[in-house]
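Scroll down for the structure; my scribbles are underneath it.
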Amino acid sequence: MAIGTPEHVATRLFGGSLRSIVYALLISGALVEVYPIFFLLMNTQKTDTEILNTPFALPTRLTLAGFKDVWTGDRTGMFFGRYFLNSLVVVVATLIFMLAVSCLCAYAMARGQFPGNAALHQTLLLTLAVPAHALAIPLYFFMGRLGLRNSLMGLTLVYTTLGAPFTIILMRAYFMRFPIELEDAARIDGCSRLGVFIRIVLPISRGSIAGMAIININWIWSELFFALILMNRLDMRTLPLAIAMYKPAQMTVETVLQLQYSAMAIATIPVLIMFFLFQQQIAQGMTAGAFK
Amino acid sequence: MARADPTEPRVGGGEGRAASARTWQTKLRDALPWYLFIAPAVILLAALFAYPLFDTLRLAFYKWGGLGRQEFVGLQNFRRLFADEIFWLALRNSFIFAIVVPFGTVSLGLFLAVAISRRLKGWQVYRIAFFIPVMISGVVVATLWANMYEYNSGLFNTVLRGIGVGGLAQNWLGDRKIALWSIMLVPVWQHMGFPMIVLLAAIEGIPQDLHDAATVDGVSEPQRVWYLILPLIRPVFASITMLQIIGAMKVFDLVLVMTKGGPAFSTEVLGYYVFETAFRSGHFGYGSAIAVVMFVVVFVIAYTYVKCVRIEKIEY
């Protein structure tokens, strides 16, 4: 091991008791962070009695019964299959729409010389400090007038608007570093601005655009406030809303907790899978966001 | 010299005016495609962001039950607000939230980032373990913790009774002296991995020779962190603290799922009070007034930050 590597430094500095204390904190901290999630997943496999009486015991068998009940809603009256689909549609539609709108705008702001460019940038920065609660009341009535309440399209438009400023600001910074020579060559060949953007700029920026998708996917999947306000029809709920409003049709089901945990797992498992697949990109994307 | 249109009256500056009109036209022609590029985003933001924001400001001066006529009442909503005990409780709780939670997440995050940057054994595992909760839906986390806090059969009280200190078992969310603290523990648990990952990136961005220079004999680890690392990562540190403060000011999901502002309004926060007033009680004018106050508070915090702690680049 070379002198000066972090490992070497660590062994020298973290000597004796400080070192053991740091390890103890890290290990117990990591357990505290992960155990509740393990607990959640474990409880999808246990009956209510087991969950209550032996909370720490591992499940004795593997079963998909809980998932099946909340997914189909046959016995529970809560159709998490439907809610999952609603959430999925909103996430995918929002990402497509938001990335399209944001990339176009960000590219124009990075390359174009037009009156209002700087003002637009300033305005976008200001919008980041506006809490969504300050928009909610008029938006509720406005979406009602447009017939976009209880509509996945309506929710998609709202999420697109909420996510666009941040995405535009980050994409603008990216496009400003983009080599202009490539575009100039294409312009000389007679390509229009839009042509250059679609044929040259977008394909090269794939990685960056995917990064933007990863930053945004998480909050859209988890968003509760506007879903709660705009989606009051039972079959129009998204996953977070359905979990927050979880209330099984009493009398018809004897298990309540197992089903609740199954519902929560339906919202969590896709996130965990995504996390383990794109760990590096997620960490990078979130860091880039905070550095701005 | 380019000659102006012969019909142009030959008065002083006429030629200049024509030229400037032409450049203005060329400018517009050059700018037009760009305006088409930004149009979708601008239209969307105007309709679903700017318009609702200004309408909230307007509605704050009206009395409105959602249907029927909006009655202009001047400053009455704000007068009522300042006499409203629940509003002051909500404001106070939001401030407590915005101080305690970021303090917890950022200081723990810094500790973790320093430890992980030292490549202690198993650092990859810690990095993943602390980051996993960040990814999970706020609603799921809130529901999970509400179940763990439950008085009779929740995980916490079961453990306390199990190890023979049942006397310490609490009604975590039902006791108005501790409910707010019980709620605040949850975002600290969930989000400490976020400052961790960001600060870690900042620490690893410091050139190695500076690390080496600081690793001289006799400098303890806390001294190294305080005098070397912190000054060098100050912009990122300030930025992540700010994000955490603004996020904590806007807390909503946790309160809705765990306590609905109770017991006795001890966990009422601004975000939830806006929702309750407008969408549960139907006072849309009054709700807008609360939203305006919330907007001003968040905006002032963010603005002060931008002005005072400017994110300047650190030169190594």
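Tabulated results
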read-out: Alpha-carbon radius of gyration plus Dmax, which is the widest Cα pair, for chain A in Å; value: 24.3, 75
read-out: Rounded tilt (10° steps) of B:14-45 against the dominant C-alpha axis of chain B; value: 30 degrees
read-out: Per-residue Cβ neighbour rank within 10 angstrom, fewest leading, A:Leu155, A:Leu64; value: A:Leu64, A:Leu155
read-out: Max mean-square fluctuation residue, GNM over chain A, Cα-Cα springs under 10 Å, options A:Arg199, A:Arg19, A:Arg145; value: A:Arg19
read-out: Nearest-0.05 FRET efficiency for A:Met153 and B:Tyr35, computed from C-beta distance (R0 30 Å); value: 0.70
read-out: Estimated FRET transfer efficiency when R0 is 56 angstrom, pair A:Asp74-B:Arg234 (beta carbons, to 0.05); value: 0.45
read-out: Span-rule helices in chain A, defined as complete DSSP H runs reaching 24 Å or more along the axis (Cα) with Kyte mean at least -0.5; value: A:16-43, A:80-111, A:152-176, A:206-222, A:257-277
read-out: Contour minus Cα-Cα distance for A:Leu31 and A:Leu277 (0.36 nm per residue); value: 86.4 nm
read-out: Built amide H within the under 5 Å cut-off of B:Lys63, gap 5+; value: B:Glu71, B:Phe72, B:Val73
read-out: Cα centre as origin, Lys/Arg/Asp/Glu Cβ charges: the protein assembly as shown dipole, Debye; value: 820 debye
read-out: Farthest positive-ward along the stretch A:157-196 dipole, Cα basis, beta-carbon charges - from A:Phe166, A:Leu194, A:Met176; value: A:Phe166
read-out: Reachable lysines from A:Lys68, criterion Cα separation under 27 angstrom, eight or more residues apart if same chain; value: A:Lys46, A:Lys247
read-out: Relative exposure of B:Leu230, B:Leu53, B:Leu110, B:Leu32, judged by other C-beta atoms within 10 Å (fewest first); value: B:Leu32, B:Leu230, B:Leu53, B:Leu110
read-out: Efficiency of FRET from Cβ geometry, A:Ser20 and A:Leu88, R₀ 41 Å, rounded to 0.05; value: 0.30
read-out: Neighbour-count ranking [beta-carbon atoms within 10 angstrom, fewest first] of B:Asp253, B:Asp84; value: B:Asp84, B:Asp253
read-out: Cross-link pairs beyond the 27 Å C-alpha cut-off, checked among B:Lys63/B:Lys250; B:Lys250/B:Lys307; B:Lys27/B:Lys307; B:Lys177/B:Lys260; B:Lys177/B:Lys250; value: B:Lys27/B:Lys307
read-out: Gained length - A:Arg206 relative to A:Ile269, 0.36 nm times residue gap less alpha-carbon distance; value: 20.0 nm
read-out: Inter-label distance, nm, simple model (7 Å from Cα along the C-beta direction), B:Thr304/A:Thr54; value: 5.5 nm
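Rule-based calculations on the coordinates, nothing more; no lab input. Treat the numbers as computed from the prediction; the structure is a model and nothing was measured. Here the Cβ is made from the backbone with ideal geometry for all residues, glycine too, and neighbour counts use every protein chain on show.
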